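Structure first, commentary second.
The values are calculated or read from the model by the stated rules, or taken from the named source; none is laboratory data. Being a predicted model, the structure only gives us computed values, none of them experimental. Neighbour counts run over all protein chains shown; Cβ positions are idealised from the backbone, glycine included. When the accessible area is computed, the model is the full protein with side chains, heavy atoms only, and any ligands, DNA or RNA have been set aside. Shrake-Rupley method; radii C 1.70, N 1.55, O 1.52, S 1.80 Å.
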Amino acid sequence: MDFPGALRERRIRSHLSQLDLALRAGTTQRHLSFIESGRSVPGRNMVLRLAESLELPLRERNDLLLAAGYAPAYPESSLDDPVLAPARTAIDHILRGHLPYPALVVDGGGDLIAANTAFGLITEGAAAELVGPGRNVYRLALHPDGLAPRIRNLAEWARHILARLGHLEALRAELSGYVPELEPSAGQLGFAVPLHLESSYGELRLMTTVTTFATAVDVTLAELKLEAFLPADPATAAALSAAAASAG
């Protein structure tokens with residue numbers, strides 16, 4: 001990776017001028033200009049300050065350090081590593097605590113790490129090869145053998161999903177091919193994009209929230225997202241409770 005070019009590309013992507021970034025990083029516009037032109041080689045601390053000032057994900061901060069000739073600053077541990085045991089315990093606690101409502105955890109690419117038992121109501125009827133740990137939940141959501149046939153507001157929901165995949169270009173291109181050219185229905189968009197999903201307990205109207213480990217300094221942990229489904233109306237809350245009771 002060409003460090004000056006990589007830094008410039010990320011600065012432009014963040015809609016920052018050289019002066020804006022220099023002020024954030026505690027340096028001068030002249031120095032930053034020299035760095036971006038290759039006339040000045042930044043020290044490791046400067047690279048870190050620039051990456052932090054750009055609010056880059058930890059993986060990209062490591063990439064910038066490597067491009068500048070320095071070792072990565074942030075570890076990337078396996079989820080099985082004992083160092084992440086407290087995080088795994090927290091994830092399990094949150095998933096169980098969210099019952100009777102569905103919740104799941106995905107990695108940076110959207111692959112399923114874990115889910116609670118209520119998530120089975122979301123995935124019912126989907127092809128087996130699309131469901132389970134290691135399978136991609138975005139593909140599950142939009143694949144014709146996944147949830148797509150049961151989603152009543154597919155146009156709105158598909159746009160919501162695809163908008164989250166800007167960093168996953170190949171996956172976004174694949175999933176775009178599954179989505180019909182539909183216009184969002186008038187009056188459907190309010191304060192949040194709901195999911196209207198047919199199920200064996202009737203139509204579910206669900207909102208989602210996403211939680212991250214905001215202070216994580218491990219790449220793996222920083223990329224995890226816990227997505228929780230919440231009922232958007234009393235009928236959905238009752239259906240989810242009934243499904244949980246039936247599951248025992």
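Among the residues making up the range 210-244, those that are farther than 16 Å from Ala114 by Cα and β-branched (Val, Ile, Thr) are Thr215, Val217, Val219, Thr236.
Give Ser17, Ser33, Ser53, Ser40 a once-over and let me know the one that is out of contact with any Gly (no Cβ under 7 Å at 6 or more places or on another chain) and at pLDDT below 95.
Details: Ser17 fails: at pLDDT below 95; Ser33 fails: at pLDDT below 95; Ser53 fails: at pLDDT below 95.
Answer to the selection: Ser40.
One residue alone among Leu66, Leu104, Leu84, Leu79 is outside any strand (DSSP E or B) and modelled with pLDDT of 95 or more, and that residue is Leu66. Would you please name the residue that is nearest to His15 (Cα to Cα), looking only at residues in the range 28-55 that are out of contact with any helix residue (DSSP H, G or I) (no Cβ under 7 Å at 6 or more places or on another chain) and either assigned to a loop (DSSP other than H, G, I, E, B) or of a type in the set (Phe, Trp, Tyr) (or both)? That would be Glu55.
Annotation: of all residues in the range 100-136 being of a type in the set (Val, Ile, Thr) and without any contact (Cβ under 8 Å) to a residue 60 or more places away in the chain, the one that is surrounded by the most Cβ atoms within 10 Å (Cβ to Cβ) is Thr123.
Looking at the range 162-175 only, could you name the residues that are open to solvent by less than 10 Å² (accessible area, probe 1.4 Å) and in a helix (DSSP H, G or I)?
Within the range 162-175, the first condition is being open to solvent by less than 10 Å² (accessible area, probe 1.4 Å), and the residues that meet it are 165, 175.
Passing the criteria: only Leu175.
For the range 35-51, give me each residue that is surrounded by fewer than 16 Cβ atoms within 10 Å (Cβ to Cβ) and free of Cβ contacts under 8 Å to residues at least 24 places away in the same chain.
So the first thing to find is which residues in the range 35-51 are surrounded by fewer than 16 Cβ atoms within 10 Å (Cβ to Cβ), and the list is 37-41, 43-45.
Hits for the range 35-51 are Arg39, Ser40, Gly43, Asn45.
Any residue at all in the range 138-148 that's under 30 Å from Ile12 (Cβ atoms) and either out of contact with any Lys or Arg (no Cβ under 6 Å at 6 or more places or on another chain) or open to solvent by 30 Å² or more (accessible area, probe 1.4 Å) (or both)? Yes, there is a match, as at least one residue in the range 138-148 is under 30 Å from Ile12 (Cβ atoms) and either out of contact with any Lys or Arg (no Cβ under 6 Å at 6 or more places or on another chain) or open to solvent by 30 Å² or more (accessible area, probe 1.4 Å) (or both).
Right, Glu156: of a type in the set (D, E, K, R), surrounded by 15 or more Cβ atoms within 10 Å (Cβ to Cβ) and at pLDDT below 90 or not? Judged against the criteria, Glu156 is a match. Scanning the range 52-68 for residues that are free of Cβ contacts under 8 Å to residues at least 40 places away in the same chain and not basic (Lys, Arg), we see that the one that is most open to solvent (accessible area, probe 1.4 Å) is Glu52.
Condition check: at pLDDT below 90, of a type in the set (Gly, Ala, Ser), over 18 Å from Val137 (Cα atoms) and open to solvent by 80 Å² or more (accessible area, probe 1.4 Å). Does Ala214 satisfy that? So Ala214 fits the description; yes.
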